[in-house]
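> I have a structure I would like to understand better, so I am pasting it below and will then ask my questions one at a time.
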Amino acid sequence: MTAHVPVSGLPLGLSSDRVTRGTPARWAETTSWVDRDGLPIPSPVMIVGYITILRRWKGNKPDDITEHPLPDPEELNATIPQSEWDVGLDGKPRKPWALTYVIYLVNLKNGTLYTYANSTFGAMLCYTQLEEQVAVMRMLRGEHVYPIANLDRRPMKTAFGMKTRPHLEIVDWRAPKGGDGSLVASPSTPQLPPAAAKADIPEAPTATPSTAPSSATPPASSTVPGFILPAEDSNKASTVLDNTKPVKPVTVGELIADELPPWA
């Protein structure tokens with residue numbers, strides 16, 4: 001089936017013919033956020049889309065229903081004999097069809113795309129909080145704003161005691177530099193013909209190598225509030241941030257639909 005992405009979709013020039021794009025992202029209490037090879041996912045990330053789907057696993061392969069409005073999973077499960085249900089972690093039969101929360105994440109340094117998908121209660125809390133924050137910001141700043149978030153965790157009370165769950169801590173908001181809301185450059189951008197380019201654009205002077213240690217700080221477009229780049233990455237450009245622009249923070253007056261008096 002064709003994936004239906006009701007909010008932000010995949011604004012990366014990619015088709016939506018399948019749910020999992022790029023590298024699968026996983027979260028567990030023991031490992032936190034990792035990729036399919038078990039390696040930590042660099043944080044923060046840009047969130048470029050999120051959807052809800054119905055998913056059933058068959059022979060270690062997902063069977064997804066993506067067309068919205070989604071059918072009632074209880075009605076679908078009622079048509080499947082319990083003898084065909086898998087056994088859950090609690091030792092009881094697990095319902096085949098489950099509402100699954102899908103979030104698309106992008107590595108700020110190199111643009112690697114990750115897909116996080118899970119049906120747990122913790123995943124639902126992570127998803128709904130993200131959805132609410134994005135809805136508020138887009139109501140005030142327009143559709144084409146994207147959150148930058150630290151990959152984090154939060155405590156959660158369960159029947160088995162206190163556990164932790166996945167959490168996306170939003171630390172910044174970005175918008176595409178282009179007016180069409182796309183995060184990729186338009187292929188129709190006019191280009192100078194080779195002859196004109198050579199005639200009109202002078203050659204750049206050759207830089208003289210310097211052996212003095214550099215004290216330059218990272219460009220402003222490559223810094224995110226609440227996050228400090230590692231020392232080895234501090235002078236490297238960010239593929240994502242360098243092609244987006246900051247979004248004006250939301251004021252208290254905007255949140256309460258009123259403006260504070262001048263003396264406040």
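> Calculate, for N77 and L140, the FRET efficiency according to 1/(1 + (r/R0)^6) with r their C-beta to C-beta distance and R0 30 Å; round to the nearest 0.05.
For R0 = 30 Å, the calculated efficiency reads 0.15.
> Could you name the lysines whose alpha carbon sits less than 26 Å from that of K109, not counting residues in the same chain fewer than 8 places away?
By straight Cα distance, K109 reaches K177, K236, K245, K248.
> Follow-up question, since we're still on this one. How would you classify the stretch 75-120 from its alpha-carbon gyration tensor, with a ≥ b ≥ c the square roots of the eigenvalues: rounded for a/c under 1.5, else prolate if a/b is greater than b/c, otherwise oblate?
The shape class here is prolate.
> Please turn the phi angles of the stretch 164-178 into ³J(HN,Hα) values with the Karplus equation 6.51 cos²θ - 1.76 cosθ + 1.60 (θ = phi - 60°), one per residue in order, whole Hz, x for glycine and proline.
10, 10, x, 8, 10, 8, 6, 10, 6, 10, 10, 9, x, 6, x
> Taking the Cα centre as origin and putting +1 on Lys and Arg beta-carbons and -1 on Asp and Glu beta-carbons, what dipole magnitude results for the stretch 40-170, to the nearest 20 debye?
500
> Based on Cα positions only, what radius of gyration and what Dmax would you give for the stretch 77-165, in angstroms?
In order Rg, Dmax, the Cα atoms of the stretch 77-165 give 17.2, 51 Å.
> Only four residue types carry charge here, +1 at the Cβ of Lys and Arg and -1 at the Cβ of Asp and Glu. Report the dipole size of the stretch 90-158 about the Cα centre in Debye, rounded to the nearest 20.
220
Here, each number is a calculation from the coordinates, and none is a lab measurement. Just so we're clear, the structure is a prediction, and the values are computed from it rather than from any experiment. Cβ: placed from backbone, ideal geometry, glycine included. Neighbour counts: every protein chain shown.
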